[in-house]
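Written out below as structure tokens is the structure these notes cover.
Please treat every number below as a calculation from the coordinates, not as lab data. For clarity, every value in this text was computed on a predicted model and none was experimentally measured. Heads up, the Cβs are rebuilt from the backbone with ideal geometry, glycines too, and the neighbour counts pull from every protein chain shown.
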Amino acid sequence: MIRKRLAAAEGERKKFHAKFSRLGKKVNYKGYSEDTILLVEIKDVATNAVVAGHVWFSFTKGFENIKLTEGVEIEFEARIKEYKKGYVNKKIGINKRSIDYKLSHPTKISIVATEI
């Protein structure tokens, strides 16, 4: 899996390049609707290596402050964090949990290029 490349840099804050795909929505932990943003083709700026096919972020002020249209390329800094994903049902003995890596706390968001 591509995101395993992030494992070596867990806990570090790095600069990434991505393409804006679309906005979305999710239900937050309090049950309220929250706007989200989908970024695709995530690359580490230092190595130019693809580190993730996509990431979802909350649509924060940092993203609101720039003009996002489909295909716009952006750069941002984010922290690499480990998280547990998968399905668990203790009652019937299912534990499909695994460790994966995500990007969190995006900052210094700027537009690099727009798709023509």
Any idea which of Y101, Y87 is among the hydroxyl-bearing types (S, T, Y), touching a residue at least 40 places away in the same chain (Cβ under 8 Å) and either touching a Lys or Arg at 6+ places or on another chain (Cβ under 8 Å) or farther than 25 Å from I111 by Cα (or both)?
Y101
Residue that is surrounded by the most Cβ atoms within 10 Å (Cβ to Cβ), among those in the stretch 1-21 that are under 13 Å from the mean Cα position of the chain (by Cα) and over 19 Å from R79 (Cβ atoms):
F20
Scan the stretch 66-97 residue by residue and report those that are under 18 Å from the mean Cα position of the chain (by Cα) and farther than 18 Å from E41 by Cα.
I66, K81, E82, Y83, K84, K85, G86
Return the residue satisfying two criteria in turn: it lies in the stretch 27-43 and is touching a residue at least 12 places away in the same chain (Cβ under 8 Å) and more than 14 Å from S104 (Cα to Cα), and of such residues it is surrounded by the most Cβ atoms within 10 Å (Cβ to Cβ).
K43
Residue that is surrounded by the most Cβ atoms within 10 Å (Cβ to Cβ), among those in the stretch 75-103 that are small (G, A, S) and in a strand (DSSP E or B)
A78
Looking only at strands (runs of 3 or more DSSP E) that lie completely in the stretch 11-74, which have at least 2 residues being out of contact with any Cys (no Cβ under 9 Å at 6 or more places or on another chain) and among the polar types (S, T, N, Q)?
33-44
Would you check if A113 is in contact (Cβ under 8 Å) with a residue 12 or more places away in the chain, closer than 25 Å to E10 by Cβ and hydrophobic (A, V, I, L, M, F, W, C)?
no
